[in-house]
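These notes concern the structure reproduced below.
Where a number appears in this text, it was derived from the coordinates with a stated rule and is not lab data. Quick caveat: nothing in here was measured; it's all calculated off a predicted structure. With ideal geometry, Cβ positions are generated from the backbone for all residues, glycine too; neighbour counts draw on all protein chains shown.
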Amino acid sequence: MAVAHGVASGIGGIRSAGDLVARMQVSKGMRLPEAKKYVAGKLGASVADIADPVVMDEIRDDLNLGRVNAIPGAAKGIDAKFRIAEVLGIEINCVKLFRKRVGL
Amino acid sequence: MSKFFTRMGDGFPVEMTDAEIRKDVEEGVADAAKRAKIEPLAADHLRYLTELFERPDRAVGVERGNEVVLSYDSATTKFKRGNVSVSKIQSLQIYERLLGADILELAHIDYSFKPVKPIVVFEQPILEQALLMTIPPLFYGAMPNLGLYSQPDGPCPNPGDLLPKGLIAEARASYAEQIEHSVKDMTYVGGTMYEAGADGINFDTTAAAGDAEFYATLKAIEELKKKHPAMCVQMGMASEFVLGMHGELSYNGVRLAGLYPHKQLELAQQVGVSIFGPAINIVPSRSLAWNTARTATFIKACTDVAKIPVHACVGMGVCGVPLTLTVPIDALTRASKALVDICRLDGL
């Protein structure tokens, strides 16, 4: 069912900017149009572009936000989330805890 | 007269004429509007739904720019159910890197807060490790499942045994005790997993045991939000209608028995829920055109007034998806597209 939903109506997760739009719903309770507009503004993209995997892969590469393919040296996991918190201007729970654990 | 391929609510194929599909759409909308005392869908939405179920396409999808956020309840257990031999973290990576999930969810195979409580210390390090390796928001999810607090599974007398004997006061007393136990479990597990780094907690299949379970979940969320104001809380419902198993419970002055989704949403917002998931029952003996039209009517009444994101529970047996283990692509993509297009959902 995940595949069919993804094809029919999904933004695309880290293939595009689905995780970033979801971040704004999760951290700020934004409804979808507001969340998409906010993310597009922070990325310097159009609202339609943020669901486009080709355009977004370039942007994720430029901003080092984590990408779907295994790219040497690119941000992965928690380091991508450090970058996402900074770019979107939000607090991410596990990033805050990581900072505390390592004494940052 | 030409006939169109579609399906019944149990997934079995059926051929219907244009007049039959149109009639089912109209009746589905009317049924929801009458039950919940809400506005019916507009004429252009009825036409849209009729045409959607007459299209020959195997798969359909939303227009570019109308895509929504996809969250997955009980995500890691889906692989176990499919008998796929991968760990929970590998399951999350598959959702993240292969399935395009926007929000991930870690879960215990026994997907209720009560059984998670004694093993929460084993769930925490899995969550901590998963958080280091994944990028999208990662929730921890479980069901309130009040049924586990009555005998023989739990400590309280079983209202199912008491009510047929006319012991109504005793049954209500049992529910009160069950609420106390379950609130403790939900706040303990939810708080513990949030403190381990989860981006949010999903209370899935809420109110499956009726108004007492809905009360317990609202109470637990209110307590958690007092302690952790930044916590994201997702509340997915069990069905379109809160059963009055207790019958006299109210929350913030609102009687819980009999609440339909748009009223469930209002209470969810009041206690601090961040993402609301309405669940609309499937009637297996009616067509998918009827079921989807009915679902869209209920959910549009939510999205029209919601102040928080609405992620409809569009899974097996709810919200226009047939009640079958092997959900057909034609059926699922029609439910997905119709609800996004008509209801302007924030997610699924």
On Cα atoms only, tilt of B:261-271 relative to the major axis of chain B in degrees: 30
Kirkwood Rh, angstrom, the stretch B:68-277 [1 / mean 1/r, Cα pairs]: 17.5
Mind pulling the angle between the C-alpha long axis of helix B:168-195 and the longest principal axis of chain B? Nearest 10 degrees, somewhere in 0 to 90. 90
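What is the average number of partner chain Cβ atoms found within 10 Å of a Cβ in B:134-144? All intermediate terms of the calculation are to be shown ahead of the outcome.
Values: counts 9, 19, 12, 12, 4, 1, 0, 0, 0, 0, 0.
That works out to 5 on average.
Give the average, rounded to an integer, of partner chain Cβ atoms located within 10 angstrom of each Cβ in B:65-78.
Numbers: counts 8, 4, 16, 10, 15, 11, 3, 3, 0, 0, 1, 0, 0, 2.
The shielding value for this peptide is 5.
Can you put B:94, A:92, B:135, B:119 in order, fewest other beta carbons within 10 Å first? Kindly include the intermediate steps, with their values, before the conclusion.
Working: B:94 18, A:92 22, B:135 28, B:119 12.
So the residues, fewest neighbours to most, are B:119, B:94, A:92, B:135.
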Hey, how many Å between the Cα centroid of the stretch B:149-216 and the Cα centroid of the stretch A:28-84? 40
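Please report B:300, B:307 as a ranked list, fewest other C-beta atoms within 10 angstrom at the top and most at the bottom.
Values: B:300 24, B:307 10.
Listed from fewest to most nearby Cβ atoms, that is B:307, B:300.
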Might you report the magnitude of the Cβ-based charge dipole of chain A about its Cα centre, with Lys and Arg at +1 and Asp and Glu at -1, to the nearest 20 debye? 540
Structure-based [θ]222 nm, the protein assembly as shown - -39500 (n - 2.57) summed over DSSP H runs of at least 4, per residue, nearest 500: -15000 deg cm²/dmol
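What is chain A's relative contact order, in percent, from Cα pairs under 8 angstrom and six or more apart in sequence?
Details: 91 pairs, mean separation 22.9, N = 104.
Here the relative contact order equals 22 percent.
Just how large is the dipole of the stretch B:172-291 about the Cα centre, in debye to the nearest 20, putting +1 at every Lys and Arg Cβ and -1 at every Asp and Glu Cβ? Could you put the intermediate results ahead of the total?
Working: 9 positive and 13 negative charges, 45 e Å.
Here the size comes out at about 220 debye.
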Here, residue A:37 and residue B:57, labelled 7 Å along Cα→Cβ, have an inter-label distance in nm of 2.8
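Need the full-extension length gain, residue B:252 to residue B:227, defined as separation in residues times 0.36 nm minus the C-alpha distance. One decimal, nm.
7.0 nm
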What average number of partner chain Cβ atoms lie no more than 10 Å from the Cβ of the residues making up B:302-310? 2
For the residues B:332, B:132, what sequence is obtained by ranking on other C-beta atoms within 10 Å, fewest first? B:132, B:332
Evaluate the charge dipole of the stretch B:240-302 about its Cα centre and quote only its size in Debye, nearest 20, assuming +1 on the Cβ of each Lys and Arg and -1 on the Cβ of each Asp and Glu. 200
Find how much the distance from residue B:64 to residue B:119 grows on full extension, using 0.36 nm per residue of separation minus their present alpha carbon separation; answer in nm with one decimal. 15.4 nm
The stretch B:68-277: antiparallel DSSP beta bridges as a percent of all, rounded to 5: 10
Once the other residues with Cβ under 11 Å from the Cβ of residue B:287 are scored (Lys, Arg +1; Asp, Glu -1), what is the net sum? -1
Of all DSSP beta bridges in the stretch B:165-315, antiparallel share, percent nearest 5: 20
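Take every DSSP beta bridge with both residues inside the protein assembly as shown and express the antiparallel ones as a percent of the total, to the nearest 5.
Numbers: 9 of 31 bridges.
The antiparallel fraction comes to roughly 30 percent.
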